[in-house]
Amino acid sequence: MRNFYIPPVTHVIPLTTIRRERVLPVPGAVTVRVNEKVQASHVVAEAETVPRHFFLDIVRGLGVSQQNVGRYIVRREGDRVDAGEVIAGPVGIARRTIRAPANGRIITISRGRVLFEARGELFALRAGFPGVVIATDGTRSVTIEATGALIQAVWGNGKQDYGVMRMVGEGPADRLKTDQLDVNLRSAVLVAGICDHPAPLHQATELSVRGVILGGLASDLIPVAQRLPYSIVVLEGFGERPINAPTFHLLSSNIGREVAIDGQQPRPYQLQRPEVIIPLPATRDIELPDEVIPLKLGVRVRVVRAPHQGEVGAVQSIIDQAVEYPSGIRAMSAKIELAGGNIVAVPVANLEVLQ
Amino acid sequence: MNTVLDADALLAVDVGTVNTRASLFDVVDGRYRLIATGRAPSTAGPPLFDISESVRMSLEKIQSITGRPLMDESDSLIIPVTNEGAGVDVFVSTTSAGPKVRTVLVGLMPGVSLQSVRRLASSAFLEIVGEIGLTDRRRDAERIDLIIAARPDLIIVAGGTDGGAVDSVLQMVETVGLAANLLPGGRQTRIVFAGNRHLGASVMEYFGERLPVTMTPNVRPSLRQEDLAPARMHLAEVIAEVRSSRVAGFDELETWSRGFLLPTADAFGRVIRYLSNIYGPDKGVLGIDLGASQTTVAAAFDGALRITVNSDLGMGASLPGLLKHGEIADITRWLPVEVPEYRVRDYICNKALQPGTVPAETEELYIEYALAREVIRLALGLARSEWPAGKDSSTLMLLPPLEPIVVSGGVLARAPRPAHALLTILDALQPTGISTLVLDPHNLTPALGVAAGPLPVLPVQVLESGSYASLGTVVAPVGSARFGRQILRVKLEREADGEDMTGEIRMGQLVVLPLAQGEKARLTLRPERGIDVGFGGPGQAGALRVAGGAIGLIIDARGRPIFMPKDPDRRRELNQKWLWDIGAME
């Protein structure tokens, strides 16, 4: 019988093997070799971003007829040219010419028009965390592997950085406040419970922090977070959502270590999520984390909706019949033994596996 | 082949973003009936990224309910039915799961071909990432840059009536062809040409052999005529091709269904059009499918279908799209309890991250249904701008008379009580006159739409079989009157034994008269002067035969549009009262 319950998996693992593929948005050049050690800020691949195009009207520019224009074009399709190089001409006493408007290449020549592609800006793809290159396709993707602690998040502001992790406040539910932020936190990656005001986020900018790891972020701060120059990851969700106990314990026990914070925005139909990687040495081979963990007896889960939102427990049983909740909704459910010993029924749809 | 009546057993699977549903149909007593349904969480996204797992889970549920084996030892579908009665004869499928198809629209004139291509695109689950028209003031090179930056999976080109514009169409085609060939990394985009059909050979020449091009009949054969239906069918096939290359398990679904695979919205629209043909030209038929990643509004008037798929309005990942179209206050006005606006905003963002979750607490349920009201209301508003003249929002502020109104979607189907679904629909749509509200609790509509291909008789017989849940007949008087003033006298004479009822309805009331599912009655309505109940004008009285439903006969005299007090406390009290009146609260 097939297992009908395959919830999403969130990894909160003290020591594991972390393997991540870094991919250029468009093909370019990989700048590292297999087995090469890389640091978080290491550029592992580069590519030209979206180029700009120009139609150069040779007929009009040189004042020649369409029949004769071919003899004045001195470059061919596919030629690479530097800015200012002659593409067509000279013509007449004035020795009129058409020159390349930028460094680029000639795409097509048709009916007296040249389609010219100006080179785009260079995009640098960084490793994001220290590790070893284990594979590359040579043009677009690089796979990096490391050992360490892995903490996956639910949301990020699209930025990535690396720095020493510092705790702000006392506990997993503490609000991030401006008076907690001083020069001792300069260039650090901060861990805080909840943020519901823009002021501390702006003050963190003043301190040039590298990143902020939060349990919950007020949703009206999303536009603010997206404009900040540093990385933000949200572990639990939006609103008053403290960091869950196992995650807070793992973060607390690694304060003072360097961490990689990757705030990539989660997208539907994409496995990679925002995350925090704490590089740690391993004395033995460690397996990669499981991506698929069916819901069954003993599996550790996190409740993602009220009531019990954020609480962690273990599956005690899957209930045969749908359970009715205070809202009146009936849902397939599991009995969960929460960390405090309470046993509660939770809709299976409101659970995720915490590995 | 099933020996009884020489009929085929049909299995339909709809793969949605959050749920995958299977429905088994077979012949019982000489007519097609729904035998069983199975639902499983969709596995199109993480962690499995393969729809076949949830398809098999839903089939296993049907197997366990019916005892009829549907899959063999290798987990393949048994087709056709064996002598032992295992398997099915026909498999059909619909899908709305998977990433949106990134699409650039290209046309000539804003009010002509560009408008038609926009309408064509709005009838499918597409993400419009760019639009190019002849009058957009962009140079050719800028159009190329736009297409390259948009990284489209699909480019839909229209322009020119049949035998009309040539040069401007071909110039646009040349630009699109150049851009499509320049997409970085050998990314291949598909092209649909739905313009001047006399240019077929030239268009193919411009696009060359490298680009996959689909030629469809012109969406604008003449300036005054728009014909989207043939192009829509071709577009559905192209979308299926894009999906199959991006969603694991889709190939298998295509193989099993042998061509009977449609986008969910298209199949949904087919049923609405069919109902319009049955119900006749007096009223339109409306269908609303409230999904997690999209909301489909299908309206048919005298057999002509208008379908709109809103991919930024849904109850899951696309929920934050709600805030692009409206304010938080538009949502909180439907809450019967006090919930701060920031908490509603947090709820929207969290639900978008975890679209499959369900509300276990009462406050969250209220938020969920307030969101559903606004999603439907906004989707309907956007759809109505494309309805025919006289029915559209620019010429008619209120909804035109509709019969029936069919609604589906997980949030409505799984409502704790039918009354929750009914009140949500009433508040969101605010129908006028007399309508029947029908809920599709098993999400059968897409299945019936696609099943009409191989087995045309199946949807007809299943629609008549009672697999849909009538929520009730709604009478919504229209006209202005002081709150509390008598506006309507009602007489309900039951055909079966039972007490007849008479009564007076006052402005502002929401009244439910008990009329059980399947029960028939004669309803006489005598509106006061200035009040229209749909009998040909204000003050016109009339009688009709009505059928009961899960709720009964509903008289919604709350006004059109529904009057909402500005004072938040009074508004919440009113929302609570309506929940009581309709039977959603004990």
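The values are calculated or read from the model by the stated rules, or taken from the named source; none is laboratory data. This is a predicted model, so every value here is computed, not measured. Counting neighbours? That spans all protein chains shown, and the Cβs are built from the backbone with ideal geometry, glycine included. When the accessible area is computed, the model is the full protein with side chains, heavy atoms only, and any ligands, DNA or RNA have been set aside. Shrake-Rupley method; radii C 1.70, N 1.55, O 1.52, S 1.80 Å.
Worth a mention:
- Taking 1.306 mPa s as the viscosity and 10 °C as the temperature, the Stokes-Einstein diffusion coefficient of chain B based on its alpha-carbon Kirkwood radius rounds to 63 µm²/s.
- When segment B:294-404 is reduced to its Cα atoms, the Kirkwood hydrodynamic radius in Å: 15.1 Å
- Value of relative contact order over segment B:265-582, rounded to a whole percent, pairs C-alpha under 8 Å and six or more apart: 16 percent
- Fraction of the pair-distance distribution of the protein assembly as shown above 48 Å, Cα-Cα pairs, percent: 32 percent
- Chain A: calculated mean residue ellipticity at 222 nm from DSSP helix runs of at least 4, using -39500 (n - 2.57): -2000 deg cm²/dmol
- At least 40 Å² of accessible area lost relative to the chain alone, listed for segment B:163-211 with a 1.4 Å probe: B:GLU174, B:LEU178, B:LEU182
- From largest to smallest, the equivalent ellipsoid semi-axes obtained for segment B:87-159 from the alpha-carbon gyration tensor read 31, 15, 8 Å.
- Computed E for A:LEU15/A:HIS197 - FRET, C-beta separation, R0 45 angstrom, nearest 0.05: 0.80
- Euclidean distance of C-alpha centroids, segment A:278-355 and segment B:412-426, integer Å: 29 Å
- Net lengthening on full extension, A:ALA314/A:ASN184 (0.36 nm per residue, minus Cα-Cα): 42.9 nm
- Among A:VAL69, A:VAL303, A:VAL312, the largest mean-square fluctuation in a Gaussian network model of chain A, built with springs joining Cα atoms closer than 10 Å, belongs to A:VAL69.
- Quick note on chain A: its Rg to Rh ratio, both from C-alpha atoms and Rh being the Kirkwood radius, is 1.15.
- Burial of accessible area (probe 1.4 Å, heavy atoms of protein chains only) in segment A:327-349, relative to its chain alone, reaches at least 30 Å² for A:SER327, A:ILE329, A:ALA349.
- Lysines whose Cα lies under 19 Å from that of B:LYS566, excluding same-chain neighbours fewer than 8 positions away: B:LYS577
- Per residue, the accessible area of segment B:101-246 comes to 40 Å², computed with a 1.4 Å probe over protein heavy atoms only.
- Global form of segment B:25-142, assessed from the alpha-carbon gyration tensor, a/c cut-off 1.5: prolate
- Separation between Cα centres of segment A:200-239 and segment B:459-514, rounded to whole Å: 53 Å
- Förster radius 51 Å - calculated FRET efficiency between A:ASP285 and B:LEU223, Cβ distance, rounded to 0.05: 0.10
- Calculated SAXS-style log₁₀ I(q)/I(0) at q = 0.06, 0.10, 0.16 Å⁻¹ - segment B:265-582, Debye, Cα scatterers: -0.19, -0.55, -1.47
- Alpha carbon convex hull of segment B:256-321, projected area averaged over orientations, nm²: 5.3 nm²
- Averaged over the residues of B:338-349, the number of partner chain Cβ atoms lying within 10 Å of the residue Cβ comes to 4.
- Model label sites at A:GLU36 and B:ASN277, defined 7 Å from Cα along the beta-carbon direction, differ in position by 6.5 nm.
- Solvent-accessible area lost on pairing B with A (1.4 Å probe, both sides summed) amounts to about 4300 Å².
- Segments A:80-92, B:339-351 sorted - mean Cβ within 10 Å per residue, highest first: B:339-351, A:80-92
- nm² value of the averaged projected area, convex hull over the Cα atoms of segment B:101-246: 7.6 nm²
- For chain A, the solvent-accessible area of protein heavy atoms averages 46 Å² per residue (probe radius 1.4 Å; ligands and nucleic acids excluded).
- Taking a span of 27 Å or more along the helix axis (Cα atoms) and a mean Kyte-Doolittle hydropathy of at least -0.5 as the rule, the DSSP H helices of chain B that qualify are B:362-384.
- Of all lysines in the structure, those lying under 16 Å Cα to Cα from B:LYS491, and not within fewer than 8 positions of it along the same chain, are B:LYS520.
- Note on segment A:230-345: percent of Cα-Cα distances in each 5 Å bin, starting at 0 and stopping at the bin with the largest distance, equals 2, 8, 14, 18, 20, 17, 12, 6, 3, 1, 0.
- Straight-distance candidates among the lysines for linking to B:LYS391, with alpha-carbon spacing under 22 Å and chain neighbours fewer than 8 residues away dropped: B:LYS283.
- Cα centroids of segment B:342-377 and segment B:164-188: 43 Å apart.
- Ranked by the mean number of other Cβ atoms within 10 Å of their residues, highest first, the peptides A:119-131, B:429-441 come out as B:429-441, A:119-131.
- Here chain A exposes an accessible surface that is 48 percent carbon and sulfur, computed with a 1.4 Å probe and the other protein chains kept in place.
- Debye intensity ratio in log₁₀ form over the Cα atoms of segment B:332-376, taken at each q of 0.19, 0.23 Å⁻¹: -0.54, -0.80
- In terms of packing, defined here as the mean over residues of other Cβ atoms within 10 angstrom, the peptides A:285-294, B:165-174, B:481-490, B:9-18 line up highest first as B:9-18, B:165-174, B:481-490, A:285-294.
- Within 10 Å of each Cβ in B:408-415, the average number of Cβ atoms from other chains: 1
- Most mobile listed residue (A:HIS202, A:HIS11, A:HIS53) in chain A, GNM with C-alpha springs under 10 Å: A:HIS53
- In plain terms, the C-alpha convex hull of segment A:1-120 casts an average shadow of 15.0 nm² when viewed from every direction.
- Surface composition of chain B: carbon plus sulfur atoms hold 49% of the accessible area, using a 1.4 angstrom probe and ignoring ligands, DNA and RNA.
- Taking the three principal axes of the alpha carbon atoms in segment B:163-246, the coordinate ranges are 41, 27, 16 Å, sorted in descending order.
- For A:ASP220, the accessible surface of its heavy atoms amounts to roughly 80 Å² (probe 1.4 Å, protein chains only, rounded to the nearest 10).
- The value of relative contact order for chain A, using C-alpha pairs under 8 Å at least six residues apart, is 19 percent.
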